[in-house]
Amino acid sequence: MDKPILKIIKMLKEDKKFLYLIITLSILLNLVFIVYINFVKNLINSVIEFNMSDVFKWVFLTGLVLVLDILFNFSMIIYKKKFYCNVLSRLRMAFFKKINNISLPVLERYLNADLITRFTDDLIEITKFISGSFIEVISNAVLFMMLFVYIGLNDWRLLPIVVILLPVTIYTVKKLGIY
């Protein structure tokens, strides 16, 4: 017996290129974020040291990274909306076919408003999950790995602290009920 999420992913075979493109854009956006953090750090160091030639260089590079961030964000929004619409229309057609194949005695047990409400609300929530949460989970996992590598490249002595504090933080957040 197939699980519902696997059935939904099978329906998305035609939209895989958009999914891969959105995930790639999200990873690039995370990479730009890490580069931006590094540039801001270098800019602050240059201001503290009163090195004006470096200040102008880091201001220019930080501005360039911000422009890239805006472009990636804009393109990601466009592709996410297109992906959302494609997924929504494909799922609607699949659910309409399923409802058309249901026998009349089954349909007569429920009120029409109940069926329509369940159909509309569940479909929208599934589509939001696929086009939003699913992509965010993947991109946040990649961002975490990138930050971990970034911390390791900047100062390897911080890695043991992060490795020790990460499980403690996750345990504390779970116990407090934030997630």
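Throughout, read-outs are computed from the coordinates displayed, never taken from laboratory work. Quantities reported herein were computed from a predicted structural model and do not represent experimental measurements. Please note: Cβ atoms are built from the backbone with ideal geometry, for glycine as well, and neighbour counts cover all protein chains shown.
Quick notes
- The condition (being touching a Phe, Trp or Tyr at 6+ places or on another chain (Cβ under 9 Å) and over 20 Å from L28 (Cα atoms)) is satisfied by just one residue among V162, V168, V106: V162.
- Hey, S103 closer than 30 Å to N38 by Cα, over 20 Å from the mean Cα position of the chain (by Cα), among the polar types (S, T, N, Q) and loosely packed, with under 11 Cβ neighbours inside 10 Å or not: no
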